[in-house]
Amino acid sequence: MDTLNVSVSDITEPVADGGGDSEVEQYQIFKFDGSGSTDNVGVVNWSWSFTYGGSEVIRDGISFTFLFEEAGVFTVSIDVMDAAGNFGSSIVILTVVDKEVPTIIWKGPVSVTVEDRVRYDASNSIDNVGITEWIWTITHGTTIEELSGEIIEFEFQEKGEYEIVIMAADSEGNSASKTFTVTAEGGTPWTFIIVALVAVVLVMTLVVIKRSKGR
């Protein structure tokens, strides 16, 4: 009896599974896992690739870990191969949630004169996704005043120390604050100015009267 040997080539493509779309916080290590990939005869090779920081990252293996210091949305490709050389591919969308707080940079005087109107500027503050909110809280004794915007103007109406707190928040809700103290010194009292003006007027009047009598 003759025997006929028939060779049947495997043409079934493996199904790549990178674990599904995921989310991780910035500065955390994320584990990519391709163990869910399937094939009729078994997956023998896993290859991963994505762009990070402007460069392509390539990793091999059923799983790997990666530290994400950069926030954003990353498209990760997973390519798998079985023993017959058949390929399958898929993608994973990984969202790295921004956790970087703003860096507050401000400028303005810390020693002023009463009734001075002073400008404070925090427009040079920086953040990786952009600052969207500034709140300035100014406290003097029991008086508290809030102003908003990256640049403010404030008039110091009384002598003493003023505590100023700058709060900056970015579009992801991360916030930071910075505190400084401004000392307001007394200006020339109005009563002194009025008395001085009256004295000048009196002197000038006496001079005029004396000259009139001398004629």
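The values are calculated or read from the model by the stated rules, or taken from the named source; none is laboratory data. Remember, predicted model here, so these are calculated numbers, not experimental data. Note: ideal-geometry Cβ built from the backbone for every residue, glycine included; neighbour counts use all protein chains shown.
What the table below lists for this structure:
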| quantity | calculated |
| --- | --- |
| Identity of the residue in the stretch 97-120, more than 25 Å from N174 (Cα to Cα) and outside any loop (DSSP other than H, G, I, E, B), that ends up farthest from the chain's Cα centre (by Cα) | T113 |
| Selection status of A84, in contact with an Asp or Glu (Cβ under 7 Å, 6 or more places away or on another chain), outside the structural domain of T181 (by TED's automatic domain parsing), within 30 Å of T38 (Cβ to Cβ) and of a type in the set (A, V, I, L, M, F, W, C) | yes |
| Those residues of the stretch 28-44 which are under 34 Å from the mean Cα position of the chain (by Cα), crowded, with 20+ Cβ neighbours inside 10 Å and not aromatic (F, W, Y), in sequence order | G34 |
| Of all residues making up the stretch 131-156, the number that are within 15 Å of R119 (Cα to Cα) and surrounded by fewer than 18 Cβ atoms within 10 Å (Cβ to Cβ) | 10 |
| From the options S47, S55, residue that is among the polar types (S, T, N, Q), loosely packed, with under 14 Cβ neighbours inside 10 Å and not assigned by TED's automatic domain parsing to the domain that holds E153 | S55 |
| Unmet criterion (only one of (1) within 13 Å of W106 (Cβ to Cβ); (2) surrounded by 14 or more Cβ atoms within 10 Å (Cβ to Cβ)) for R119 | (2) |
| Criterion (touching a residue at least 24 places away in the same chain (Cβ under 8 Å), closer than 14 Å to E23 by Cβ and not β-branched (V, I, T)) met by exactly one of F74, F87 | F74 |
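Quick grid of which residues meet (1) touching a Ser or Thr at 6+ places or on another chain (Cβ under 7 Å); (2) modelled with pLDDT under 95; (3) among the hydrophobic types (A, V, I, L, M, F, W, C); (4) part of a strand (DSSP E or B):
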| position | (1), (2), (3), (4) |
| --- | --- |
| T51 | no, no, no, yes |
| V57 | yes, no, yes, yes |
| V73 | yes, no, yes, yes |
| V76 | no, no, yes, yes |
| M81 | no, no, yes, yes |
| G88 | no, no, no, yes |
| I91 | yes, no, yes, yes |
